[in-house]
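Undergrad: Just passing along the structure, written as structure tokens.
The numbers here are math on the coordinates, done by the rules we state, and not lab data. Nothing here was measured: the structure is a model prediction, and the numbers come from that model. Reconstructed Cβ throughout: ideal geometry from the backbone, glycine too, with neighbour counts over all protein chains shown.
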Amino acid sequence: MSKNTNTAEAILDAAESMVMESGFNGFSYAHIAEKVGIRTASIHYHYPSKEDLGEALIKRYRESFHAFIARVDGEMPNSYDKLLKFIELYRSGPADNYRTCLGVMLSTDLTSLSERARNGVAEFFDINLNWLTKVLENGRQEGSLRYEGAAITQAHTLFAAVQGAQLIARSFKDIQRYDRIAEGILSAFK
């Protein structure tokens, strides 16, 4: 990996952490420069505007989630286990200094994001919902998941509950609140 690639990744790492803690409007290039140990001009070299940075963050986050679901689909034999992995993934934010999913934090700043960034956030949510719908449909067919109604409705409910659980755990600085909600989610599908 070249030095430019390393710098670009370090910038994205710092920005992602800051967004997950403070939102997209809660930091500046000066904050990133200080955290990474570079000049703001270096950030502008890689990401000329904050909108460019936001779009790159969303793209990387989306690609990371694609890799996650590909790994889970390849490793997990049944749908219940896939739901467990999904819930564990969303638990990792609150468990790491009560951070919240990048998508959740960016959605709170939608009005200040570029149209491409807003579309990227919506696409990230769609990827989550489409995968969850598929997992739920397969789970009902294989008998590992039980629920009433349409899989897509359950996917929306589950996704909203997990993201809400992150916010509640963050608000109370109590990961057990996330765990209680996760337990309720999982028991609803047994």
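Undergrad: Please give, to one decimal in nm, the separation of the simple spin-label points placed at residue 111 and residue 152, each 7 Å out from Cα toward the Cβ.
TA: Placing both labels 7 Å beyond Cα along the Cβ direction yields 3.0 nm.
Undergrad: Quick one, could you list the DSSP H helices from the chain stretching 15 Å or more along their long axis (Cα atoms) with average Kyte-Doolittle hydropathy of -0.5 or above?
TA: Helices meeting the criterion: 3-22, 79-95, 151-172, 175-188.
Undergrad: On the Cα set of the stretch 1-108, report Rg and Dmax in Å, please.
TA: For the stretch 1-108, the Cα radius of gyration and maximum Cα-Cα distance read 15.6, 49 Å.
Undergrad: Cα extents of the chain along the three principal axes, largest first, in whole Å?
TA: Principal-axis extents of the chain (Cα, largest first): 56, 34, 30 Å.
Undergrad: Given 37 °C and 0.692 mPa s, how large is the Stokes-Einstein diffusion coefficient of the stretch 71-138 in µm²/s, with Rh as the Kirkwood radius over Cα pairs? Show your work: numbers first, answer last.
TA: Numbers: Rh = 13.5 Å.
This corresponds to a translational diffusion coefficient of 244 µm²/s.
Undergrad: Can you check what the Kirkwood hydrodynamic radius comes to for the stretch 31-75, Cα pairs only, in Å to one decimal?
TA: The Cα-based Kirkwood calculation yields 12.2 Å.
Undergrad: If you don't mind, there's one more thing I want to ask. Quick one: among 172, 125, 86, which has the greatest mean-square fluctuation in a GNM of the chain with alpha-carbon springs under 10 angstrom?
TA: Top of the fluctuation ranking is 172.
Undergrad: Right, something else. List the lysines whose Cα sits under 24 Å from the Cα of residue 59, skipping any in the same chain fewer than 8 residues away.
TA: The qualifying lysines are 3, 35, 50, 82, 85, 134.
Undergrad: Can you give me the distance in nm between label points at residue 180 and residue 31, each placed 7 Å from the Cα along the Cα-to-Cβ direction?
TA: Result: 3.0 nm between the two label points.
Undergrad: Taking 35 Å as R0, compute the FRET efficiency from the Cβ-Cβ separation of residue 142 and residue 173 and round it to 0.05.
TA: With a Förster radius of 35 Å, E is 0.35.
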